[in-house]
1. What are the residues whose amide H is under 5 Å from the amide H of C:Ile111, where those residues sit 5 or more places off or on another chain and H is modelled from the backbone?
2. Treat every Asp and Glu Cβ in chain A as -1 and every Lys and Arg Cβ as +1, leave all other atoms uncharged, and give the resulting dipole magnitude about the Cα centre to the nearest 20 debye.
3. Tell me the label-point distance for the pair A:Leu157, B:Cys263, using the 7 Å Cα-to-Cβ offset, in nm and rounded to one decimal.
4. Distance between Cα centroids, the stretch C:122-174 to the stretch B:48-77: provide it in whole Å.
5. How crowded by other chains is A:33-43, given as the mean number of beta carbons from other chains within 10 Å of each beta carbon?
6. Between A:Thr165 and A:Asp43, what length in nm is gained on full extension when 0.36 nm per residue of separation is reduced by their alpha carbon distance?
7. What is the stretch B:56-167 by shape, rounded, prolate or oblate, if you read a ≥ b ≥ c off the alpha carbon gyration tensor as root eigenvalues and call it rounded for a/c under 1.5, prolate for a/b larger than b/c, and oblate otherwise?
8. What percent does the relative contact order of chain B come to when contacts are Cα pairs within less than 8 Å and at least six residues apart?
Amino acid sequence: GIPDREGQMRKGFVPSLAGIFIVILGLFFGLVQYTEVGENAMDQVHRYYTYFIDVQIMIFVGFGFLMTFMRRYSLGAVSLNYFGSALMMLEAILVIGATQQGFWNLKASKIQIDIELLIDCSFCAGSGMIAFGAIIGKASPTQLLWLLVWQVPLYALNQHLVIYTFKALDMGGTIVIHLFGAYYGLAASLVLSRRQPLHGLDHPKNSSAYLNDVFSMVGTLFLWIYWPSFNGALASVAPESLETATDAQTPGGALCVGLFAGCVSTLGFSFLTPFLDRTIGLGDTCGVHNLHGIPAILGTLVAGLASLGQHSDYLMYGTGREQLGWEVLAGVVTLAIATSGGLLGAWVVTALNLTRAED
Amino acid sequence: GIPDREGQMRKGFVPSLAGIFIVILGLFFGLVQYTEVGENAMDQVHRYYTYFIDVQIMIFVGFGFLMTFMRRYSLGAVSLNYFGSALMMLEAILVIGATQQGFWNLKASKIQIDIELLIDCSFCAGSGMIAFGAIIGKASPTQLLWLLVWQVPLYALNQHLVIYTFKALDMGGTIVIHLFGAYYGLAASLVLSRRQPLHGLDHPKNSSAYLNDVFSMVGTLFLWIYWPSFNGALASVAPESLETATDAQTPGGALCVGLFAGCVSTLGFSFLTPFLDRTIGLGDTCGVHNLHGIPAILGTLVAGLASLGQHSDYLMYGTGREQLGWEVLAGVVTLAIATSGGLLGAWVVTALNLTRAED
Amino acid sequence: GIPDREGQMRKGFVPSLAGIFIVILGLFFGLVQYTEVGENAMDQVHRYYTYFIDVQIMIFVGFGFLMTFMRRYSLGAVSLNYFGSALMMLEAILVIGATQQGFWNLKASKIQIDIELLIDCSFCAGSGMIAFGAIIGKASPTQLLWLLVWQVPLYALNQHLVIYTFKALDMGGTIVIHLFGAYYGLAASLVLSRRQPLHGLDHPKNSSAYLNDVFSMVGTLFLWIYWPSFNGALASVAPESLETATDAQTPGGALCVGLFAGCVSTLGFSFLTPFLDRTIGLGDTCGVHNLHGIPAILGTLVAGLASLGQHSDYLMYGTGREQLGWEVLAGVVTLAIATSGGLLGAWVVTALNLTRAED
C-alpha cells in the first residue's frame, strides 16, 4: 500500500536519510575509532569472527527472507530488512558503544569499535527486525526509517537497565532482544494499523503466494540452523556468570520447552492474531506476537522461576527469590519502555504525516 | 497427489506424530543427558562446531532446496525435509547414542549427548533425506513419517555392522550413508509407486518449472560448497586409521573419479531412470539411483580394489585382499538391510493404508 | 538469445569442453600433486578453511544468484556461473600454481596444491565472474567457455606483474580482481554486443521480473555478509606487509569511502550505462562498469594517493611518491592487458563463429 513511490521518496525518504546519515557520519569522525590491535588479536578473531558472521547471516538472510512470504512485498521485505539493519548497526555503534564504554559519565572520550561491539550492534538490529515484522506493509519507508532510528536509543537504555542495573539473567536475549523488539513493534503497529485503510488479515494484499512461501523457507532454515551461534555469540559477549547457568538444563527439559513454545506460537497464529486484528485492530504482519512476544514473556517467567532452585553461584543475587524479583522487574520495565516508545514513535511519524501510504 | 489434506492430517499424521514424540520425550527424560563439560570444552567446540553447522546447512538447506524443482511440491519438499531431518536427529540421538555408547550390553546406563554424536545423527538424517528423494511426492506425510522413523534403527544397525564389526573403510560415508539411504528409499518407492495412480515420469505433476529449478540451485550449491566439511566432519568422528588412507590419492585421480561419477549420474538420469520407470514401475523422483545408488556401488568397489595396493598401515586388516573381502561383504549386507527394510516398511505403511494419497 | 540449444551444444560446446578438459586432466596427472601434510596441518586448516569456504560461498552463491535478476536467464546465470567458476579454478591451479611456484624458471617441477593456492584460484574465478556479469546473455555458452579459459593466463600474468614485479599495494584485490575482471569483460562485451541483434537495454529480454529480483537478493546478501572474509582471505595469502597498511584507516573514513562508492555506482547505473549503450553500443548486463570498474579505478588512485602520507613501514617502497608511481603503473598495465585481452578474445570467438546466438 505505498503509492506514488517516486514522489514519496523525494519528499520524505531521501531528506530523512540524508539528514540521519550526515549526523552519523559527523559523530563517527568525531567520536569513533578502531580498537588498538593487541598481542592477542588473532585469538580474538578466531574466537569471535565465526559467531559474528553467523549472526550477520541470521539478521540479513534469516530475518530478510523470513518476511518474503507476502505476494506484493517480498522484495520490499528483504531490501528494507537489509537497509534497516545496516543503518541500525551504524547508529548502534554510536549509542550502544557510548553507553557500554562509559561515555555518558565521561569515563571515555572515544568509542572503540571491536568485534564484540559489532556483535552487540547486530543484536540491536535483530531486535529492530523483530519489530519490523509487526509493522511491515503498514508503514511507509520514511515512517519505518524513523521508527528504527528511534528504537536504537531505547534498546540501549533498556539493555543497560536490564543487564547492568537490574542484573537480570537474560539467556538468549529473551528480554532485551525478543520481548523488547516484539512489543515495540506491536505498539507501533497498533497506531499505524488504525490509521490506514489497508487493514485486516483478509485484505488480498496480505496474502502469501506459493513461491514466496518457498523463499521464506530460506530465512526460516538459516535462522534455525544458526540459532546456536546466536546464543553462543550472546554468551561470549555477556558477563561471565551467565555462561554457567545454562548448565542447569536436561535434554528432556529442552525438548519440553521447545514443544511448548512451538504449540504456543502455532495456536497464537491460528487464534490470537485474528482475534486481536478483529477486536482492537492490531495488525501483526509476521505474527511477531506469537513468535517473539508471548514466548519471551514465558521465557522471562521460566528463567525467573528456575532461579528459585539454583545455587547462588549461578545467580547474580544471593537467593533465587531475589533473582526472581529482579527478573520480573526487568520484564515489566522492558514492556513499559517498548510499548510507550513504540506508541510515541508511531504517533509522531503518523502525526507528521511522513509520506503515509494512501491507497 | 495428496487430497483432503485437513482430514488426512487429523486422521493419520497428528496421532502418529504425537505418539512418536511422546515416546521420544519419555526416553529423553529417562535416558539422555548432556556430557559433562571437561577442561578442553572450548577446544572441542572449536574443533567440531564449524563442521557441525556446515553439515546442518547441507542437510536442511542443501537437501531441502535440492528437491524444490517440482512445480507442485516445492514447499512440501523443503518443509518435509526440515521436519523429517529434525525428527530423525532426535530419534538418532537415542538409537545411535545407545548403540555407540554400549547401551545394549549394559556398559552404560545413560546416553551422553555431545557434539560428535550430533554430527553422527546429522549423517543419519542425511541418509534419510537421500531416501526421501526417491519417494517424495509418492508417499503421504503419514507414510513418510513412519518410513523415516523406521529407517533410523536400520541405519544404526547397519552402521555398527559396517564400521565396527566388518571394519570396512567407508570414506565419505559411501556405504553407510549413500548406499544405505539410496536403496532403502528405492525399495520403499518400488512398493509405493505401484500402489498409486500418479505414476510415471510423464505425469504433468512430475514436471519442474523455471523458478523452481532456480530454487533447486540453492540446494545444489550449498551441498557442493560444503562437501569438504561433510567429509571433514566424517573423518573427525571416524576411527583414527581412516583419516590417513585418504592420502593415497592424486589430484589427477580425484578429477578422473569425479568425471566418471558425473558421467554415470548424467547417463543414468537420461536412460536408466526412464527405463526402470517403464519396466518395473520404479519411481525415483529426484534420481537418487543415479546420484547416490550407483556411485555408491562404484565407490565401494573402488575403495575395496584400491586396498589391494595399500600398505597395511592404511588398512584395518593385514592384507589388501582381506580388506577387499570385508568391503564387499559390507556392501552386500548394506544392500540387503536397506532393500528388505525399505520393502517391509513401505509394505506395512501401504497395508495399514496410512492415509494414502488418493487423487 | 540462444536458439537451437541441442544442436549448438553438439556442434560447439561439448567438443570444446571435452578438449579443454582432456588437456587439464593430462596436465593434472603429469604436474600436480598435493602438498605433503606437515606437522602443523591442523593449524593450517584452522587458519584457512573458514576463509576458503566463505570465499566459495561468495563466488558460487553470491555471484551466481546476483545475476538471476534476468527474467529469461536466471537459471542460465546461476548454472553457467557454477560451471565457469569450477572450470576456471581447475585451470588456475595449473596456471597460477605454475607461476607462483617458480615453474617457468624451472625452480619447481611439480605444482603443489594447498589451501592457499585454492583460495588464490577462487579469486581468479571471482575475477572471471565479474567479467561474466558484463557479457551474460550476449555470448553463447561456447563463446563464454573460451573467454573464461582465455582469461586465466591473462589473470595470472597480470597478478604476477602487479603484486610481485611492480609491488603495488592491492587491498581487497582492487587492481588484480576488480579492475582486471571488469575491463576484460567490458572489452569482450563491446565486441559481442555489436555483433548480435539482441542489443540495447530496452530489449524485453533484458528486463527483470519480480521473483527473479528476490533471487538476486540471495546473491547480494551473501556477497555483502562475507565481504570481510574475502578481504581476510586475501590478506592471509598476500605478502606480509600488506596486512599492516590497512590500519591507516578510521571508521569515519571507511563510511565516507563506502558512501562515495555507493553514489558512484548508483549514478553510473542510472546515467553512464544507458549512455554507453546508446552511443558506443557497449552492453553491460549486470552494470559491472559501475560496480567494479569505476570503483576500482577510484580505489587504485585513492590507495596510491594515501601512500603519500604513509611511513615507509607500510609501503613496499622507500617513499610514498615512489609507491604512487608504481600504483598508477599497475593500474595502467592492468587496464591494457584486460582490454586488449578481452577485445582479442571476443574477436577470435566471434570470428570463429563459435555457435553464436542467432535469434
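The values are calculated or read from the model by the stated rules, or taken from the named source; none is laboratory data. Quick caveat: nothing in here was measured; it's all calculated off a predicted structure. For neighbour counting, all protein chains shown are included, and Cβ atoms are generated from backbone atoms with ideal geometry for every residue, glycine included. Quick note on the areas: whole protein, heavy atoms, side chains included, nothing else; ligands and nucleic acids left out. Shrake-Rupley method; radii C 1.70, N 1.55, O 1.52, S 1.80 Å.
1. Amide H neighbours of C:Ile111, under 5 Å, 5+ apart: C:Val32, C:Gln33.
2. 1200
3. 7.2
4. Measuring centre to centre over Cα atoms gives 32 Å.
5. On the way: counts 3, 6, 0, 1, 2, 0, 0, 0, 0, 1, 0.
Average per residue, whole number: 1.
6. Details: separation 122, 0.36 × 122 = 43.92 nm, distance 3.07 nm.
Length gained between A:Thr165 and A:Asp43: 40.8 nm.
7. prolate
8. 28
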